[in-house]
Each structure stands twice: as C-alpha cells, then as structure tokens.
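One structure is given below, encoded as structure tokens.
Read-outs: derived from the displayed coordinates by stated rules, not from any lab. Quick caveat, the model's predicted, so the values are computed rather than measured. Cβ: placed from backbone, ideal geometry, glycine included. Neighbour counts: every protein chain shown.
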Amino acid sequence: MSYEVIKGRDFSDLLDGKIAFVLCIGNTLTAEISGITVAGESPELIKFTPPADAELLCYGHCRSIPFPPATPDGKPTPALITYTALRLTGIPLFVVDSGLIEKPKMPYFAVNAPTGGNIAEGSAFDIDRARETFEYAKIIGREISKEFDTIMVGESIPAGTTTAGAVLKAFGLNPKVSSSMPENPVEIKQKVIEKAVSRVKSDDPLEIVAEVGDPVLLAVSGIAIGSKKPVILAGGTQMAAVSQIVKRLSPDADIHIATTKYVAEDETADIVTISAADVIASDPGLGDSVKAGLRAYEGGFVKEGVGAGGATLLACRRGYTKDRFLKEIERDYEVVVERAKIQD
C-alpha cells in the first residue's frame, strides 16, 4: 500500500468511478516577497510556473517556457508526478484560470479571477470581484459534476502556502504551514501573515479571502461547493485552507484531502490539525529513485503541488504499485526534464 489515512476515513474508493481532474492555476503578488517561495528557477520565471504546470499536464511539455518549472537548483515541479498519473490512467484534465498573470497556451476555463495582491501591503482583491469569481467557480463545479462521479482538484500558485496560512490564521487557527523548501522560511511567512491578518475586520469567509487570501482559494472553494458529487482536494496547506472555507460556507459539502507523505511528515507543518476534512497521505516513492532531482523530495524539497498527492493516490487505486509508478515517473523525468534541459 502506498498511502495512509491520517485523518478521518479511507475515501480512496471514491476513485473507482468516473474521475475528472481539475487544475486551478493563479498568481499572487505575495510571491514577489524575497525568500518566500522557490516555485521557479528565478523571480522572473515565477509568474510562468502555473501556466507551465498546466501545459505540462496537457502536452507532456511546456510551451510558455522552454523547460519545466523547477526550484533554483533544479528540483522539478510536482506536475511531473501528476502528469505521469494522468498519462497512465487516462483521466481527463480541465484547467481553470484562477487569477493568472500569464495565460497558458492551451484551452482553459476562466472565472474572471483577479490576480492576488501582495497581502503584506494590502487587500488581496476587491470583495465584489471575489464574490463573482466564487459564483463562476460554483458553476464550473456544478457542470463538471454532471458528467463525473468524483472531481479531484489540484492547484498551482507560488506563495500559496503563505496566503493559505493567513486565511487559516484569520479563521482563528494557529497554522503551521508547509513549504517547497526543506528550510521552511517560517519567520518570513509569519511576519506576512501577522501583518495581513491584523487588517481583518470580518468573520465572513469570502471577505477574509478577499483581504488576505488568493484567487485560487476562491476558485477551488467555489468548485467544491458547486459540485453535486464528492470532491477530493489534492494538495497540502492550500487545500487545508480550502476545506476550512468550504465547511464554513457549506457544512454538508462532501470534501476530502489527498496530500503527499512529504507534507504529512513535515515537522514545520501540521496538515491534520488545520484540515476540516478526511486526509490521506500517499507515497510516490521518490526516495528510492535513481534520479537525484526526484530523491530530493524525500529530503524536503517541493513536497507537493499540482495535485501530486491525489494523483499518486489515483494511480495506486488504479492498480499501479509504488515501484511501478516510480519507474513511470522516472521515465517521464528523462523525457520531460532531462531532454528539455539538453535541448535548451
């Protein structure tokens, strides 16, 4: 078995039916704060990370940039894990523009989401725009759920753990949030979170997100509430925040969280405490990889994103052993990452 139930019940049976994978991608200017994220090889490339992640899932390569998103020292995007799972299982992909700076070079849905502002400096966005985005996202959730038994939702937004942490803090929780770096920049994040939350004057979930959150939180929450079928939130801190938003707005919503073991084992975070849903942690087995860039995940780099934990759970449920799945990830790593670097 390559997964473990760490909170609530085993909901993996929800993956036995007809599944849709939805990726919500967006940007927050909070990512421009120095040292807060490594979701890109350089600060200039961070804004391209979400569209490039979506393109990788769609095409098996990126079109917005010539190579897959990576950390500054070359650790590959977790989109690689999700790409492998979707390739093996044939699950359909739907992409939602949730406040992008740069649009992906592929078909996508749009919910008229604004790019998120730097929450250290002011509100993320206008509340009226936030409500409109949320309502549009509910329609997407409703319509997709007409054709599928379960919706799995992933996300890509640099600095999303910080904005999610601010939302959790505003809800009265004491969030410990994960990071794409082994040395979690806790002090930087906490300073931003404290400053942002000090402005919150409301207990309305959408007003809180508009003040200190990001547009991906709006889109994923709307899709989850709009869906008439179960929703698996594939991710870490960001999806924990979504679960709290959803449960406050729609207590009976059928939502669950699938993350990676790397988030579950992160001592600087606590996915169980901050989540308002069942949680399963899956293991893609990257620590046993022959590829150094993949083994780095076991050392605390990247950890999660682009639905990697949920995608791993999906592959497991569809009959792929951990060893077989790892071999397929390594195969895609050679094609998607190594060859792209050589050609560049």
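Other residues with beta-carbon under 14 Å from the beta-carbon of S145 carry, at +1 per Lys or Arg and -1 per Asp or Glu, a net charge of +2.
Given the rule -39500 (n - 2.57) for each run of at least 4 DSSP H residues, summed and divided by the residues of the chain, what is its mean residue ellipticity at 222 nm, to the nearest 500 deg cm²/dmol? Walk me through the numbers before you get to the answer.
Values: 14 runs with 135 residues, N = 344.
Only helices count here, giving -11500 deg cm²/dmol.
Applying a threshold of 24 Å to the alpha-carbon distances of K146/K247; K189/K291; K47/K247; K18/K138; K303/K327; K201/K228 flags K189/K291; K47/K247; K201/K228 as lying beyond it.
A Gaussian network model of the chain, with springs between Cα atoms under 10 Å, assigns the largest mean-square fluctuation among T162, T321, T77 to T321. Where in region 100-117 does the amide nitrogen come within less than 14 Å of the point 7 Å from the Cα of I139, taken along Cα to Cβ? Within reach of a label on I139: 109-113. To the nearest 0.05, what FRET efficiency results for T273 and D204 with a Förster distance of 25 Å applied to their C-beta separation? Computed FRET efficiency for T273 and D204: 0.60. For V209, the shell of other residues with beta-carbons less than 15 Å away shows a net charge of -2, using +1 for Lys and Arg and -1 for Asp and Glu. With the dipole of the chain worked out from charges on the C-beta (+1 for Lys and Arg, -1 for Asp and Glu) around the Cα centre, which of G17, P175, I255 lies farthest toward the positive end? Of the candidates, G17 comes out farthest on the positive side. For region 1-127, the Kirkwood estimate of the hydrodynamic radius, built from every pair of different alpha carbons, is 16.2 Å.
Summarising the label geometry, the points placed 7 Å from Cα in the beta-carbon direction at K191 and R9 lie 4.6 nm from one another. How would region 186-344 be classified by its alpha-carbon gyration tensor: rounded, prolate or oblate, with rounded meaning a/c under 1.5 and the a/b versus b/c comparison settling the rest? Prolate. Fraction of C-alpha pairs exceeding 33 angstrom in the chain: 15 percent, rounded to a whole number.
Here the chain is treated with +1 on each Lys and Arg Cβ and -1 on each Asp and Glu Cβ, and its dipole about the Cα centre works out to around 440 debye.
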